[in-house]
Every structure is written in structure tokens, then in C-alpha cells.
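Just below is one structure, and these are the notes that go with it.
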Amino acid sequence: MPELPEVETVRRSLAPALEGAMIVAVEVGHPRVVRRQPRPRDFQDRLLRRRVASVGRHGKFLMIDLEGDFTWVIHLGMSGRIRLEAPGGERSPHTHVVVETDRHQEVHFVDPRTFGFMAVFTPDEFEGQSFAHLGPDALNALPRFRRLLPRLEGRAVAIKSLLLDQYFVAGLGNIYADEVLHRSGIRPDRAAGTLSVDEVRMLRGAIGPVLRAGLRWGGTSLNDLTYLLPDGRAGEYFQRLQVYGRAGEPCRRDGTAIERTVIGGRSSFWCPTCQR
């Protein structure tokens with residue numbers, strides 16, 4: 001599933017293409033993609049003839065403000081991606097939504113597994129959605145160290161699971177949570193409440209650099225290439241991962257073999273020497 005760096009990379013590509021543009025055509029090819037829309041027909045009706053005010057993001061969700069106080073929400077799910085194309089161009093398989101603007105450009109939503117979605121909400125509808133109440137954004141609104149401390153105190157949940165909780169902090173997923181924990185020297189199965197003051201400080205300090213590194217290299221495209229940039233290129237952070245997906249390979253820091261552990265049903269990769 002695309003995580004914060006991948007979604008932010010998409011946002012940065014979409015912003016210059018969409019901001020200020022008017023939507024002139026909307027095509028929905030698979031009804032499941034608009035399943036979160038209270039009335040499916042509203043998706044097209046609310047997009048047509050509206051200008052895009054701004055292209056934003058919170059955690060793993062794209063949140064696009066439209067004139068008329070509507071919010072166009074895009075979630076890429078497990079396999080969704082966005083392509084920017086010229087009108088009438090070739091469409092990739094599993095292109096389920098096409099939105100054309102008055103700038104003679106199309107936004108294609110491609111999603112083989114259809115776990116992603118698009119919807120356009122009124123303010124009241126938006127407030128009723130779970131993603132309206134996510135935790136602070138891990139890149140743009142990460143709480144200061146002293147505000148994080150009390151949120152970990154007494155917590156028995158594994159720190160890896162807590163980092164994946166989007167209501168604790170929004171945007172981290174399996175890949176970047178493992179990278180953050182490796183950078184901060186913390187085992188993924190440690191109970192969150194056992195972290196010392198210094199460890200919480202290191203954890204907090206690792207999140208920004210890891211996410212910014214992912215952004216700098218266009219995000220992480222794994223071998224299945226389910227995530228690609230809007231121009232079709234693969235994200236290049238995969239080659240720079242320190243632990244994720246590297247079970248049995250040597251730690252880049254000390255040469256110890258990376259281990260794989262299942263925590264909360266999710267694979268976790270870590271170095272038993274670097275991380276305590």
C-alpha cells in the first residue's frame with residue numbers, strides 16, 4: 001500500500017496540474033471505486049464544472065478542495081495509482097476513473113484490486129468519515145517530543161503496531177515504520193510503554209529524515225511495481241531501504257543478518273544487534 005512519501009509524491013505531481021483547473025469531464029468505469037460516495041451519481045455531478053482550489057494530503061489520503069466547499073478524497077488502497085495523460089491517449093488496464101480538465105489533461109485512477117476509492121463530500125459528509133479524524137500528519141504535523149511521551153506511557157502494544165495506527169500518527173505504513181525503528185535503534189516488538197525518554201526522542205527524530213529520504217527518491221516501488229509515479233517511473237527508494245524486505249541480508253550498519261518477525265499480522269524487518 002502506498003504510504004506517506006508515495007502519496008505526497010503524487011500530490012506534488014497533481015498540484016500544478018489541477019490547482020486552478022476546471023473539471024470538464026468525469027468517467028467512472030467501475031462502481032466499486034465510488035463505493036464511499038453516499039449517492040454514487042453525486043461523484044460525477046459534484047466534480048463537473050468545478051475548479052480545483054488546492055491539492056492537499058493528510059496521512060495516506062489525498063484531499064482536494066473544490067469550489068463550492070466540496071472535498072474530493074482519493075485513497076490509493078493496496079494497488080491504486082494516479083496517471084497524468086493527454087486526452088484520448090492510451091489507457092492502462094484497470095483504469096477505473098478518468099477526470100479531464102480544461103487544461104487538456106486527464107487524471108487516470110488505475111487500481112487492479114479496487115481497494116482504493118474516490119469520493120466527493122460536503123463538509124457534513126466529510127466529518128462523518130473515519131479519515132476526517134486521523135492523528136497528526138507524520139510529515140507536516142508531528143507532535144513535539146514532549147507531547148509524544150504521555151501518549152506512549154503505560155502502553156503494552158508493540159511500538160511497531162502503534163506506529164501503524166493512523167489515529168496515533170497518520171501516514172506511516174509497514175515499510176517506513178520498519179525504517180524509522182531501525183534508524184532509532186528500537187526493536188519493533190518492544191512494548192511502547194517501555195521506551196525510555198531518550199528512545200522516544202530518537203524515535204521522534206527518525207520519522208522526518210526517513211520520510212524525507214523516501215520523498216527525495218520518489219517513494220518506494222517494490223518488485224511488483226504496484227506503485228509508480230504519475231509519469232510512469234518507478235520510485236527509487238527501494239534500493240536504499242535499510243531493513244524492509246531484506247530478511248537474511250546483512251545490516252548495512254553492522255553486517256548482522258536482518259530478521260523477519262510477524263507483529264500484529266504484519267511482517268517486520270529488523271536488526272537484532274542495532275535494535276534493542
Selection count where residues are of a type in the set (D, E, K, R), touching a Gly at 6+ places or on another chain (Cβ under 9 Å) and closer than 18 Å to MET22 by Cβ, scope segment 60-85: 1
Tabulated pairs, segment 121-142, first under 21 Å from ASP45 (Cα atoms), second of a type outside the set (Ser, Thr, Tyr) and crowded, with 16+ Cβ neighbours inside 10 Å, C-beta under 6 angstrom, 6+ apart or interchain: PHE126/ALA132
Residue check: is GLN129 over 23 Å from PRO2 (Cβ atoms), surrounded by fewer than 19 Cβ atoms within 10 Å (Cβ to Cβ), at pLDDT 95 or above and not aliphatic (A, V, I, L, M)? no
Read through the list (1) farther than 23 Å from PRO5 by Cβ; (2) surrounded by fewer than 20 Cβ atoms within 10 Å (Cβ to Cβ), then give the number of the only condition that GLY77 fails. (1)
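Pick from VAL10, VAL24: which is outside any loop (DSSP other than H, G, I, E, B) and closer than 27 Å to GLY235 by Cα?
Details: VAL24 fails: closer than 27 Å to GLY235 by Cα.
After ruling out the rest, the residue left standing is VAL10.
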Which listed residue is among the basic types (Lys, Arg) and outside any loop (DSSP other than H, G, I, E, B), from ARG83, ARG91, ARG103, ARG113: ARG83
Segment 67-113: number of residues that are of a type in the set (S, T, N, Q), within 16 Å of the chain's Cα centre (by Cα) and under 21 Å from ARG41 (Cα atoms): 0
Identify, please: which residue in segment 151-174 is farther than 26 Å from GLY219 by Cα and in a loop (DSSP other than H, G, I, E, B) and is, among those, nearest to the chain's Cα centre (by Cα)? VAL157
Find the residue count for segment 10-27, including only residues that are surrounded by fewer than 22 Cβ atoms within 10 Å (Cβ to Cβ) and within 23 Å of the chain's Cα centre (by Cα). 8
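Suppose we filter segment 230-273 for residues that are of a type in the set (D, E, K, R) and either part of a loop (DSSP other than H, G, I, E, B) or touching a residue at least 60 places away in the same chain (Cβ under 8 Å) (or both); how many remain? Spell out the reasoning first.
From segment 230-273, those of a type in the set (D, E, K, R) are 231, 233, 236, 240, 246, 249, 252-254, 259-260, 266; that's our starting set.
Restricting the remaining residues to those that are either part of a loop (DSSP other than H, G, I, E, B) or touching a residue at least 60 places away in the same chain (Cβ under 8 Å) (or both) gives 231, 233, 246, 249, 252-254, 266.
The qualifying residues number 8.
Listed here are the residues, each with its yes/no results for (1) within 23 Å of SER130 (Cα to Cα); (2) among the β-branched types (Val, Ile, Thr); (3) modelled with pLDDT under 95; (4) crowded, with 19+ Cβ neighbours inside 10 Å.
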| position | (1), (2), (3), (4) |
| --- | --- |
| ARG49 | no, no, no, no |
| GLY56 | yes, no, no, no |
| LYS60 | yes, no, no, yes |
| TRP72 | yes, no, no, yes |
| ARG91 | no, no, yes, no |
| THR95 | no, yes, no, no |
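The values are calculated or read from the model by the stated rules, or taken from the named source; none is laboratory data. These figures come from a predicted structure and were not determined experimentally. Don't worry about glycine lacking a Cβ; one is built from the backbone with ideal geometry, like all the others, and counts go over all protein chains shown.
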